[in-house]
Amino acid sequence: MNQTQAQQWLSSMTLEEKAAMCSGRDYWRTNELERLGIPSIVMMNGPHGLRKLDEYEVNFDVSECAPATCFPSASALASSWNMELLEEIGIALGKECHAANVDILLGPGVNLKRSPLCGRNFEYFSEDPYLSGQLAKAYIIGVQSQGVGTSLKHYACNNREARRMTTDAIVEDRALREMYLASFEEAVKGGKPWTVMSAYNRVNGSYCSEHPQLLNGILKEEWGFQGAVVSDWGAVNILSEGIRTGLDLEMPSSDGLGADNIVQAVRAGKLSEEALDKAVERLLNLVIRSMARKGLPVDCDYDRHHQLARTAAAESIVLLKNKQSLLPLSKGQQRIALIGAMIQAPKIQGGGSSHMKPTQVDDVTEAIASKLGEGAELVYAPGYDLESEESNLLWVEEAQAAAASSDTAIVLVGLPEKYESEAYDRDNLRIPSNQEEIIRAMAQVQKNVVVVLCNGSPVEMPWADDINGILEAYLGGQAFGGALADVLFGDVNPSGKLAETFPVDLRHTPAYLSFPGEEDRIEYREGLFIGYRYFDAKNIEPLYPFGFGLSYTSFEYSGLQVDKRELSDVETLTVRLKVRNSGDRVGKETVQLYVRDNESRLIRPEKELKAFAKVELKPDEEKEVVFTLDKRAFAYYDPEQADWIVETGDFDILVGQSSRHILLVETVHVRSTSRIVRKYNRQSSLGDLIADPLLTPIVSQLINGMADSKEKHNSEMMAIFIREMPLRSLVAFSKGTFTDEMLDGLLQQVNAVGAMSQEV
């Protein structure tokens with residue numbers, strides 16, 4: 001089948017049948033049309049594992065789901081910085097969807113982590129749009145290689161869970177384009193998802209499910225998205241208005257109300273049938289794509305997927321602290337204390353719609369025991385209660401006794417589900433107080449303490465100075481136990497790097513004063529400056545910076561080279577460097593490339609991630625890493641021009657191990673071919689005109705004509721005063737030598753010159 005089939009179906013459908021196609025059949029399926037042989041499409045929750053229900057109605061009882069592989073959450077996988085791994089996981093998820101007759105997996109999520117308090121941050125990749133977009137692209141390519149679609153979500157600015165269905169995100173154009181839409185843009189253009197899911201919230205006054213600029217203007221027309229736009233479940237405000245502005249499908253079923261609304265709008269002339277036809281044709285093409293997979297053999301090895309989940313969890317673990325080389329632990333004869341209720345009930349996935357039923361779950365104690373030889377001993381103490389923050393003195397004393405009599409204490413702590421989940425936000429960045437207490441209690445009796453964190457998003461660590469070993473494991477999925485043991489004992493060299501900044505204190509975060517906002521209004525006052533961009537601009541030392549992560553080996557960078565010192569913005573720049581493993585263990589290193597604009601007419605961050613690569617190296621092995629940078633690596637979004645602009649000037653190429661650990665720097669000169677048209681009016685200043693080289697003859701003539709004394713000409717203060725005043729003020733201050741008619745003539749003249757393409 002091909003698009004011709006979709007057009008044939010469409011031409012045979014009644015208005016009522018078309019309208020019905022744009023609303024769900026039930027909670028998880030689209031409407032079928034038996035008369036024409038059009039089947040339903042089945043959509044189910046992801047993104048870190050398939051949540052398959054036998055029934056197609058609303059049901060959040062995980063026990064009734066079919067088992068599927070629970071991979072690490074997005075916040076964990078992002079720490080791998082490994083696009084090949086994300087694609088491999090996507091392939092596995094696609095196979096499991098095919099085996100379960102699911103056509104579209106609802107994920108991945110690429111909303112940025114504006115505030116670490118957002119309750120759904122575990123389901124999103126990063127605070128950085130480039131990293132988020134690249135990882136999402138790899139995930140999408142993997143899933144869709146199996147003939148299963150994805151649903152890129154939640155478009156856009158879904159950065160708060162509380163009151164999420166009515167909130168209005170007020171975001172200025174540059175922040176919207178350069179940050180919050182950029183991750184979607186990369187994933188849409190590079191991954192070509194079958195669907196994009198519109199968010200619950202509003203953006204600058206309009207609901208995302210009926211936002212003409214976001215849906216028709218940017219997504220479909222500018223980015224060339226060919227798939228279908230699906231509403232988040234229950235996100236539709238007025239379905240006919242959504243169809244008019246770019247929505248294609250309302251989910252779930254509204255029991256015919258949405259379809260009736262469409263029919264009435266068409267008959268009343270409020271919605272054109274042409275707009276409806278476009279939506280229906282997109283949905284029919286979606287049906288055709290899903291039908292292409294039907295009848296193909298099932299190749300789904302859940303045991304292999306469990307091993308992949310273990311590999312992914314191990315590669316996502318971030319070694320934050322390893323004082324005195326406490327890790328890796330010896331496999332020889334020793335006594336190890338396992339402390340914390342999460343030892344027996346680890347937090348492996350997030351709460352809400354993504355919560356699913358694993359095929360199996362590794363036992364942490366058994367996984368650690370499997371690494372130890374004869375004569376080794378494990379002793380367990382719960383230490384704290386997962387259901388309460390109240391301390392239990394007897395449990396604390398028991399844990400201290402176990403730790404004091406052991407060679408090493410491994411303390412597993414984190415955020416219980418009630419602390420972070422879909423539908424609500426966090427109040428603070430602390431782990432429960434009884435968990436903090438048990439960490440400090442361990443430090444009092446044992447110097448060899450390793451704290452392992454199971455949490456979906458950053459936590460404050462006021463106890464960090466007392467601890468020699470810290471591992472950030474995030475939400476590691478069903479194979480977390482085995483992965484943790486692999487890292488603790490050195491069978492896997494940790495290579496995770498933080499995909500978000502960990503602050504010392506919540507008050508240091510960029511959205512602290514404006515999150516969660518006031519009632520339904522959320523002002524993104526920090527603009528471009530979220531995550532490391534903010535910490536750089538304010539010169540705030542984070543607890544752990546973006547891109548940070550230690551290893552059991554060490555790496556050296558050298559030989560940074562660029563293929564050209566000068567280039568135009570229509571050329572690409574090739575960047576090369578060498579990385580050597582200078583330690584004694586095999587390890588993986590993530591090389592990060594940032595770009596800094598040395599001078600700009602608009603405010604820009606100090607540096608921005610524009611490329612990365614993960615390389616595996618044996619001891620003393622050296623490899624060359626090559627990056628290619630195009631125009632977007634140097635550009636910013638100019639709202640006045642509604643385009644991406646590169647300014648002529650010098651740019652620094654910064655290569656390092658994190659946003660705060662830059663090792664190599666090279667500078668290139670980029671020549672802009674961007675052309676802008678400046679529009680001047682009565683409020684423009686004389687300085688605006690002076691800054692435009694094409695207007696120099698006109699401005700010089702104007703200044704000379706206005707000068708009535710040598711003193712004014714020679715006064716620096718007066719020169720500044722004249723440059724800064726709006727053009728309308730020249731009439732009043734010229735004492736009749738410059739009239740309103742002359743001003744109108746001047747504006748006509750300068751705008752005629754400006755209408756000519758002008759180089760930035």
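The values are calculated or read from the model by the stated rules, or taken from the named source; none is laboratory data. Nothing here was measured: the structure is a model prediction, and the numbers come from that model. Heads up, the Cβs are rebuilt from the backbone with ideal geometry, glycines too, and the neighbour counts pull from every protein chain shown.
General remarks:
- Filtering the range 680-705 to residues that are touching a Gly at 6+ places or on another chain (Cβ under 8 Å) and modelled with pLDDT of 85 or more leaves only Tyr680.
- Residue within the range 494-506 that is among the acidic types (Asp, Glu), buried (at least 24 other Cβ atoms within 10 Å of the Cβ) and touching a residue at least 24 places away in the same chain (Cβ under 8 Å) present: yes
- Scanning the range 263-297 for residues being among the hydrophobic types (A, V, I, L, M, F, W, C), in a helix (DSSP H, G or I) and either within 34 Å of the chain's Cα centre (by Cα) or at positive phi (or both) gives a total of 10.
- No other residue among Ile343, Ile339 is farther than 22 Å from Tyr552 by Cβ, touching a Gly at 6+ places or on another chain (Cβ under 6 Å), in the same structural domain as Asp486 (by TED's automatic domain parsing) and of a type in the set (A, V, I, L, M) apart from Ile339.
- The residues in the range 240-259 that are in a helix (DSSP H, G or I) and within 16 Å of Asp26 (Cα to Cα) can be counted, and the count is 3.
- Counting residues in the range 350-367 that are surrounded by fewer than 18 Cβ atoms within 10 Å (Cβ to Cβ), among the small types (Gly, Ala, Ser) and at pLDDT 95 or above gives zero.
- All positions within the range 137-153 that are touching a helix residue (DSSP H, G or I) at 6+ places or on another chain (Cβ under 8 Å) and either within 27 Å of Gly205 (Cβ to Cβ) or modelled with pLDDT under 95 (or both): Leu152
- Test result for Glu96, at pLDDT 95 or above, outside any loop (DSSP other than H, G, I, E, B), within 18 Å of the chain's Cα centre (by Cα) and in the same structural domain as Glu250 (by TED's automatic domain parsing): no
- Selection within the range 108-140 - aromatic (Phe, Trp, Tyr) and surrounded by fewer than 24 Cβ atoms within 10 Å (Cβ to Cβ): Tyr130
- Failed condition for Thr150, given (1) among the hydroxyl-bearing types (Ser, Thr, Tyr); (2) closer than 27 Å to Lys610 by Cβ; (3) in contact with an Asp or Glu (Cβ under 6 Å, 6 or more places away or on another chain): (3)
- Boolean, Gly547 is touching a strand residue (DSSP E or B) at 6+ places or on another chain (Cβ under 8 Å) and part of a loop (DSSP other than H, G, I, E, B): yes
- Residue pairs whose Cβ atoms lie under 6 Å apart, separated by 6 or more positions or on different chains, with the first residue in the range 678-692 and under 17 Å from Gly745 (Cβ atoms) and the second charged (D, E, K, R), are Arg682/Arg728; Leu686/Arg723.
- Residue check for Val280: among the hydrophobic types (A, V, I, L, M, F, W, C), in contact with a helix residue (DSSP H, G or I) (Cβ under 7 Å, 6 or more places away or on another chain), closer than 30 Å to Gly37 by Cβ and surrounded by fewer than 22 Cβ atoms within 10 Å (Cβ to Cβ): no
- Residue, surrounded by the fewest Cβ atoms within 10 Å (Cβ to Cβ), within the range 1-46, restricted to residues that are part of a loop (DSSP other than H, G, I, E, B), over 33 Å from the mean Cα position of the chain (by Cα) and touching a residue at least 40 places away in the same chain (Cβ under 8 Å): Asn2
- Tally of residues being in contact (Cβ under 8 Å) with a residue 60 or more places away in the chain, within 25 Å of the chain's Cα centre (by Cα) and under 19 Å from Trp9 (Cα atoms) across the range 228-262: 2
- Residue in the range 182-195 that is among the aromatic types (Phe, Trp, Tyr), surrounded by 24 or more Cβ atoms within 10 Å (Cβ to Cβ), in the same structural domain as Asp103 (by TED's automatic domain parsing) and touching a helix residue (DSSP H, G or I) at 6+ places or on another chain (Cβ under 8 Å) present: yes
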